[in-house]
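Engineer: Okay, handing you the structure first.
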Amino acid sequence: EADIYQTPRYLVIGTGKKITLECSQTMGHDKMYWYQQDPGMELHLIHYSYGVNSTEKGDLSSESTVSRIRTEHFPLTLESARPSHTSQYLCASSRGLNEKLFFGSGTQLSVL
Amino acid sequence: GENVEQHPSTLSVQEGDSAVIKCTYSDSASNYFPWYKQELGKGPQLIIDIRSNVGEKKDQRIAVTLNKTAKHFSLHITETQPEDSAVYFCAAPTHRSGYSTLTFGKGTMLLVSP
């Protein structure tokens, strides 16, 4: 059912590298989100977008940045990765407010 | 912003037993309460939700109850099966200048033993 895709599925990189996590959805949803999930399971909202050229920071401070140039695409970038960025990153989208969130399968990032 | 508390953090039951997970929220204006199930290696998936105009909603073996006065809502799973083993999250809206996003509870790891 879910038409939201994240790549890569796993990523292991060295400290200081620039990385971009990709997220695309084919459902035409205006709302898109990035959540960070720590090993203790908690989901923290780090970025969200309500449409093209709209991006906002979430509840958890993050050194990552996002862009929303096209409705279907919401990439997340880390300019200089550090071990503290090691985590699972989940992208999601929804048709509207207080509507079902569709999650991707996530990117597991490990920074050595 | 919204504060969502979820209990218990882990829950072990025998197959066929019932499981109950409870959440409380802080914003009395919140009006939408979804539950998500996350299986290993996958993103969370919506399993049931309830809006503030009803007190209970059922879908086969799953039910959610809402008490707006006490600001708490619960997930009930009856006749549990091993495939119900997963992490479950409750959520409530955080209102932001005319918009809203979901704030999740910390999750409950449910283990159903055969």
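Engineer: Evaluate Rg over Rh across the protein assembly as shown, taking Cα atoms for both radii and Kirkwood's formula for Rh.
Structural biologist: Working: Rg = 17.6 Å, Rh = 18.1 Å.
Using Cα coordinates only, the ratio equals 0.97.
Engineer: In whole Hz, what ³J(HN,Hα) sequence does the stretch A:78-89 give by Karplus (6.51, -1.76, 1.60; θ = phi - 60°), x for Gly and Pro?
Structural biologist: Each residue's phi maps through the Karplus curve to give 10, 5, 8, 5, 10, x, 5, 7, 4, 4, 9, 10 Hz.
Engineer: For chain B, what Kirkwood radius comes out of the mean inverse Cα-Cα distance, in Å? Each step should come with its number before you reach the end.
Structural biologist: On the way: mean 1/r = 0.0702 Å⁻¹.
Value: 14.2 Å, from the Cα pair sum.
Engineer: Same structure, new question: Test of understanding: what is the full-extension gain from B:GLU79 to B:ALA29, defined as 0.36 nm times their sequence separation minus their Cα-Cα distance? Present the calculation step by step, with values, prior to reporting the outcome.
Structural biologist: On the way: separation 50, 0.36 × 50 = 18.00 nm, distance 3.38 nm.
My answer for the length gained is 14.6 nm.
Engineer: Give the residue from B:VAL20, B:SER74, B:SER9 lying farthest towards the positive end of the charge dipole for chain B; charges sit on Cβ (+1 for Lys and Arg, -1 for Asp and Glu) and the dipole is referred to the Cα centre.
Structural biologist: B:SER74
Engineer: Kindly state, as a whole number, the per residue volume in cubic angstrom of the convex hull around the alpha carbon atoms of chain A.
Structural biologist: 94 Å³
Engineer: In a shell of Cβ-Cβ distance under 12 Å around B:THR80, excluding B:THR80 itself, what net charge do Lys and Arg (+1) and Asp and Glu (-1) give? Don't skip to the end; give the middle numbers.
Structural biologist: Values: positive: B:ARG61; negative: B:GLU15, B:ASP17, B:GLU79, B:GLU83, B:ASP84.
That sum, taken over residues with Cβ under 12 Å, equals -4.
Engineer: HN-Hα J couplings of the stretch B:54-67 from phi, Karplus 6.51/-1.76/1.60, θ = phi - 60°, integer Hz, Gly and Pro as x?
Structural biologist: Calculated HN-Hα couplings, in order: 10, x, 7, 9, 10, 8, 6, 8, 10, 9, 10, 10, 10, 10 Hz.
Engineer: Expressed as a whole number of Å, what is the distance separating the alpha-carbon centroids of the stretch A:34-78 and the stretch B:57-92?
Structural biologist: Between the Cα centre of the stretch B:57-92 and that of the stretch A:34-78, the gap is 28 Å.
Engineer: Going down the table (A:LYS57/B:LYS37; A:LYS31/A:LYS57; B:LYS42/B:LYS106; A:LYS100/B:LYS37), which pairs top 22 Å between alpha carbons? Before the final figure, lay out the partial values.
Structural biologist: Numbers: A:LYS57/B:LYS37 25 Å; A:LYS31/A:LYS57 14 Å; B:LYS42/B:LYS106 17 Å; A:LYS100/B:LYS37 13 Å.
From A:LYS57/B:LYS37; A:LYS31/A:LYS57; B:LYS42/B:LYS106; A:LYS100/B:LYS37, over 22 Å: A:LYS57/B:LYS37.
Engineer: Another question, if that's okay. Tabulate in residue order the Karplus-calculated ³J(HN,Hα) for the stretch B:31-46, using 6.51 cos²θ - 1.76 cosθ + 1.60 with θ = phi - 60°, rounded to whole Hz; enter x for Gly and Pro.
Structural biologist: Per-residue couplings from phi come out as 9, 9, 9, x, 10, 10, 10, 10, 8, 4, x, 10, x, x, 10, 5 Hz.
Engineer: Once amide H atoms are placed 1.01 Å from N in the peptide plane, what residues at a sequence separation of 5 or more from A:THR86, or on another chain, have their amide H within under 5 Å of its amide H?
Structural biologist: A:VAL111
Engineer: Quick one: dipole size for chain B, taken about the Cα centre, charges +1 on Lys/Arg Cβ and -1 on Asp/Glu Cβ, in debye to the nearest 20. All intermediate terms of the calculation are to be shown ahead of the outcome.
Structural biologist: Numbers: 11 positive and 12 negative charges, 83 e Å.
Result for chain B is approximately 400 debye, rounded to the nearest 20.
Engineer: Further question: About its Cα centre, how strong a charge dipole does the protein assembly as shown have in debye, to the nearest 20, once Lys and Arg get +1 and Asp and Glu get -1 at the Cβ? Before the final figure, lay out each step's value.
Structural biologist: Values: 21 positive and 24 negative charges, 92 e Å.
Charge dipole of the protein assembly as shown: 440 debye, to the nearest 20.
Engineer: Please get the size of the charge dipole for the stretch A:1-62, origin at its Cα centre, with Cβ charges of +1 on Lys and Arg and -1 on Asp and Glu, quoted in debye to the nearest 20. Write down the numbers at each step before the final one.
Structural biologist: Numbers: 5 positive and 8 negative charges, 70 e Å.
Charge dipole of the stretch A:1-62: 340 debye, to the nearest 20.
No lab work stands behind these numbers, since they all come straight from the coordinates. Computed from a predicted model, the values in this text were never measured in an experiment. Cβ coordinates were reconstructed from backbone atoms using ideal geometry, including for glycine residues, and neighbour counts include every protein chain displayed.
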